[in-house]
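Here the structure comes first, spelled out in structure tokens, and everything after it is commentary.
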Amino acid sequence: MKRRSFFLVASGALTGAGCGHRRSAPFRTLSESEAATLEAWCDALIPSTDGTPGAKEARTSRYIDIQLTRRFRKFRPQYQQALAAIEKMTGGRFTEISVEERTVLLEKIEKGEGDKALWGPDGGREVFNLILQHTLQGFYGNPRHGGNHDYVSWRMLGIPVVPVRGRGVAYGA
Amino acid sequence: MALEKVNAVVIGAGAAGPIVAKELAVAGFRVVLLERGRWHSPWECRKDDLRNQRTNVLGNAFGPEDEGNPRVLVNQQGEARVLLPSEGGYNNNAACVGGGTLSYGAMAWRFHPDDFRTRSRYGMVADSTLDDWPITYDDLEPYYEKAEWEIGVSGDDSGNPFKGERRKPLPMPPVKPDSIEHQLLEKAARKLGLHPFHIPMLRNSVPYGGRPACMRCRWCVGFACEVDAKCGTQNTVLRTALATGNLELRTRAMTKEILLDPGGRARGVAYFDENDRLQEQPADVVVVCGGATESARLLLNSRSKAHPRGLGNNSDWVGRNLQGHLYTGAFGLMEQRTYDDLGPGASIAICDYVHGNPGLAGGAMLANEFIRLPVQFMNTRPPGVPRWGLAAKEFMKRNYTRAIAVQGPTQEIPVWDARCELDPEVKDRWGIPVLRMSGGRHAHTVEIGEYITYKAEAWLQAAGAIQTWRRGGGRGLSGGQHQAGTARMGHDPKTSAVDANGRVHESENVYVADASVHVTNGAFNPVLTIMAIAYRAGEHIARELKGKGI
Ligand SMILES: Cc1cc2nc3c(=O)[nH]c(=O)nc-3n(C[C@H](O)[C@H](O)[C@H](O)COP(=O)(O)OP(=O)(O)OC[C@H]3O[C@@H](n4cnc5c(N)ncnc54)[C@H](O)[C@@H]3O)c2cc1C
Ligand code: SF4
């Protein structure tokens, strides 16, 4: 299959990238450098600002990493290809460029305008959507799966983190 | 080796199966109920927003498992794809004791009297299989009442003029209509001259049936209820039936086929037990209640000399007319905060657009939605708002707690080519051929759904929405959690699979008693109608068995 040959190109590209991010727990499926690339990708999807948390604070890449050992196992090759491809596009500097620059690149991938030799026949459209959905899940979903750390997104939305119980009052009863 | 013979074997412990089993067990007959899924108890149900029956990105909480249960979907371009139960397009409901009723939203609608006679009311719609039911609202009315009182419904539809006669009010008052959303929408509906009322719900608003009242949590639709306030078949009729001593429930029991004599009489069923051993369960009657897709599969997998294309399928009506509901509506953003964390959320409805919409052969009930969890809202936005980046986050931050959704189930125009058949190659983990689904919705269904979006939008605008947007639907294959229609009931064996009592035309002792028998699927969520039909079928089968001196 096409995909496999990509993968070989991709892993070659990866070996150069390195990064010294410190994290609370080691990643399970992603290498240090893959994890850093993914974090930079997620950060562009849901950026942090002074006032509000983003993907970084919610640890969406940890959510994805954990799920890649379970439900998302079948998506592993797609992740590895995509993370390698985006690094290739930036000469291994994806984690170093600004969020604005990453956004411009990802907008191209979203539209399927990625180099077909790197991203496959759809120019990256499918894998972009996959990573977007997983990032949103890791940001807005329940912390039990490794994302939404300390309920940061629920706090941001202004919903009670610990739901109120026991107010079942019937109407007219 | 065959097991000991019983009077009836019922397949599927969802909405319908336990009702039939209970009617028979209470009448004194020995019954075996086979359910492929597990029995979940309230205290093991965790509220997992990424793994439930509504949002299943991390799997279905209440079955089927992804492992070993594939289906094949043929898309509008004719391409076939193998799907897992947690993937879109699989048309899953649930596979567990209680079936869909363990985790449903629990809206408990009676169909409108005209929902049973759409062909008479609207005439034939081209390229459709639109038809009247062989039974009327009046035939079902006593059984609707039985379902409301035995399983338990709260609500108050006395303010709804667009409905059939009811002899008895609902047994429980509505959950207190104190949410901000309810109050805004009620005022707005009255301003528009509409007729708002309290949605009937299979949910305890007060202690009922030995179970407590709803504590109004955030996680209702798609989840089991940890205080057991939601009324399903698993915590009502099934308990009654088991208490008689006449019912044996076997879980993790996957029925393979109905065993047929050459003449078409059923001897019983073959099923794989919890240890994957093939068992034979002989019975006087077989009642199929596996849900509209799996019931069709079981019939098609049950062959004999007289039924080379599957039981009930000599006229090719099994698996046809797969339908559900086209859900359409609108979203509105309010100036004020509307989120008050008061579950279940859905509470107010109107039936003004169920029938009588100019130039259209149908309509829909409209209601506000259940609480939308953040993961359910994160892909919702008006045109123009980006899907990601700072602006997307800012949109969520500002609007998650200020949005209201109003939607409704458009009654679909049934289509012959919307179907499930057996895939020639793909099999499940027991080696049983799986379903291959194909076809799509009728164009007019989409038109009705589109009309309904404008009505939903107008309601939101009257409620003070500062911004609204509509959400229509497309022509993709329907079914989903409201799946129905695959073994239509009718008088004529040439244009239906079962008779008005649910008996398969081609067999004297096989019945279908679930959503499969629906001719059309109403402008409402279907479960109370499924329950009413099951009560009626159960009563009929008990009478038949008695008549035969069994
Ligand atoms: C999240 C959710 C929300 C819903 N909300 C509403 C609502 O608010 N109002 C409403 O009216 N409806 C609602 N529904 C739909 C409703 O639950 C279904 O219409 C109803 O349960 C269908 O009843 P049924 O008996 O036809 O099938 P099911 O309830 O699906 O039951 C079929 C059972 O048969 C079993 N089975 C199938 N094949 C076999 C076999 N070969 N051997 C053994 N067992 C088998 C299955 O495991 C399943 O448990 C909702 C459903 C879901 C999942
Ligand atoms: S809203 Fe009520 S009925 Fe629904 S799950 Fe919560 S407590 Fe149970």
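The values are calculated or read from the model by the stated rules, or taken from the named source; none is laboratory data. All figures in this text were calculated on a predicted structure; none of them were measured in a lab. Note that each Cβ is placed from the backbone with ideal geometry, even for glycine, and that neighbours are counted across all protein chains shown. Only protein heavy atoms, including side chains, enter the accessible area calculation; ligands, DNA and RNA are left aside. Shrake-Rupley method; radii C 1.70, N 1.55, O 1.52, S 1.80 Å.
Somewhere in the range B:376-383, is a residue open to solvent by 10 Å² or more (accessible area, probe 1.4 Å), within 14 Å of another protein chain (Cβ to nearest Cβ), in contact (Cβ under 8 Å) with a residue 60 or more places away in the chain and not in a loop (DSSP other than H, G, I, E, B)? Yes, the range B:376-383 contains at least one residue that is open to solvent by 10 Å² or more (accessible area, probe 1.4 Å), within 14 Å of another protein chain (Cβ to nearest Cβ), in contact (Cβ under 8 Å) with a residue 60 or more places away in the chain and not in a loop (DSSP other than H, G, I, E, B).
Okay, residues lined up against (1) within 16 Å of ligand 1 (Cβ to nearest atom); (2) touching a Ser or Thr at 6+ places or on another chain (Cβ under 9 Å):
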position	(1), (2)
B:L194	no, no
B:Y208	no, yes
B:V221	yes, yes
B:R250	yes, no
B:A266	yes, yes
B:P282	no, no
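Against the test of being over 25 Å from B:H355 (Cα atoms), among the aliphatic types (A, V, I, L, M) and at pLDDT below 95, the options B:V175, B:V227 yield a single qualifying residue, B:V227. If B:V287 meets every condition in (1) under 26 Å from the mean Cα position of the chain (by Cα); (2) modelled with pLDDT under 95 apart from one, which number is that one? Only one criterion in (1) under 26 Å from the mean Cα position of the chain (by Cα); (2) modelled with pLDDT under 95 is unmet by B:V287, namely (2).
Within the range B:198-219, take every residue that is at positive phi and touching a residue at least 40 places away in the same chain (Cβ under 8 Å) and give me the one that is farthest from the other protein chains (Cβ to nearest Cβ).
Restricting attention to the range B:198-219, the residues satisfying the condition of being at positive phi are B:209-210, B:216.
Applying the additional criterion that residues be touching a residue at least 40 places away in the same chain (Cβ under 8 Å) yields B:209, B:216.
Details: B:G209: 15, B:R216: 6 Å.
My answer is B:G209.
Please go through the range B:390-411 and give me each residue that is outside any helix (DSSP H, G or I) and open to solvent by 10 Å² or more (accessible area, probe 1.4 Å), ordered by number. Break it down into steps so the answer makes sense when it comes.
Within the range B:390-411, the subset outside any helix (DSSP H, G or I) is B:403-411.
B:Q407, the sole residue that qualifies.
Looking at B:G210, B:G232, just one residue is among the small types (G, A, S) and within 15 Å of ligand 2 (Cβ to nearest atom), and that residue is B:G232.
Determine whether the range B:511-523 contains at least one residue that is farther than 22 Å from B:N7 by Cβ and in a helix (DSSP H, G or I). Working first, answer last.
Looking only at the range B:511-523, we keep the residues that are farther than 22 Å from B:N7 by Cβ, and these are B:515-516, B:518-523.
From what's left, in a helix (DSSP H, G or I): B:515-516.
There is at least one residue in the range B:511-523 that is farther than 22 Å from B:N7 by Cβ and in a helix (DSSP H, G or I).
Considering B:N301, B:N313, B:N321, B:N368, which residue is within 16 Å of ligand 2 (Cβ to nearest atom) and closer than 27 Å to B:Y90 by Cα? Outline the logic, then answer.
Details: B:N301 fails: within 16 Å of ligand 2 (Cβ to nearest atom); B:N313 fails: within 16 Å of ligand 2 (Cβ to nearest atom); B:N321 fails: within 16 Å of ligand 2 (Cβ to nearest atom).
Only one candidate passes the filter, namely B:N368.
Taking the range B:392-403 as the range and being more than 10 Å from every other protein chain (Cβ to nearest Cβ) and without any contact (Cβ under 8 Å) to a residue 40 or more places away in the chain as the test, only B:F395 passes. If I filter the range A:88-98 for residues that are open to solvent by 50 Å² or more (accessible area, probe 1.4 Å), of a type in the set (A, V, I, L, M) and in contact with a helix residue (DSSP H, G or I) (Cβ under 8 Å, 6 or more places away or on another chain), do I get at least one hit? Yes: one or more hits. Take the conditions away from ligand 2 (no atom under 16 Å from the Cβ) and open to solvent by less than 10 Å² (accessible area, probe 1.4 Å) and apply them to B:Y454. Does it pass? No.
When B:D157, B:D132 are screened for being open to solvent by less than 50 Å² (accessible area, probe 1.4 Å), within 16 Å of B:A108 (Cα to Cα), charged (D, E, K, R) and touching a Phe, Trp or Tyr at 6+ places or on another chain (Cβ under 9 Å), only B:D157 passes.
Can you find a residue in the range B:312-324 that is closer than 30 Å to B:E421 by Cα, among the β-branched types (V, I, T), assigned by TED's automatic domain parsing to the domain that holds B:L58 and out of contact with any strand residue (DSSP E or B) (no Cβ under 8 Å at 6 or more places or on another chain)? Yes, there is a match, as at least one residue in the range B:312-324 is closer than 30 Å to B:E421 by Cα, among the β-branched types (V, I, T), assigned by TED's automatic domain parsing to the domain that holds B:L58 and out of contact with any strand residue (DSSP E or B) (no Cβ under 8 Å at 6 or more places or on another chain). Scanning the range B:118-141 turns up no residue that is within 12 Å of ligand 1 (Cβ to nearest atom) and under 28 Å from B:G193 (Cβ atoms). Every listed requirement among (1) within 16 Å of ligand 2 (Cβ to nearest atom); (2) within 28 Å of B:M334 (Cα to Cα) is met by B:L184 save one, (1). Does the range A:45-55 contain at least one residue that is part of a helix (DSSP H, G or I) and either surrounded by fewer than 24 Cβ atoms within 10 Å (Cβ to Cβ) or at pLDDT below 95 (or both)? No, there is no match, as no residue in the range A:45-55 is part of a helix (DSSP H, G or I) and either surrounded by fewer than 24 Cβ atoms within 10 Å (Cβ to Cβ) or at pLDDT below 95 (or both).
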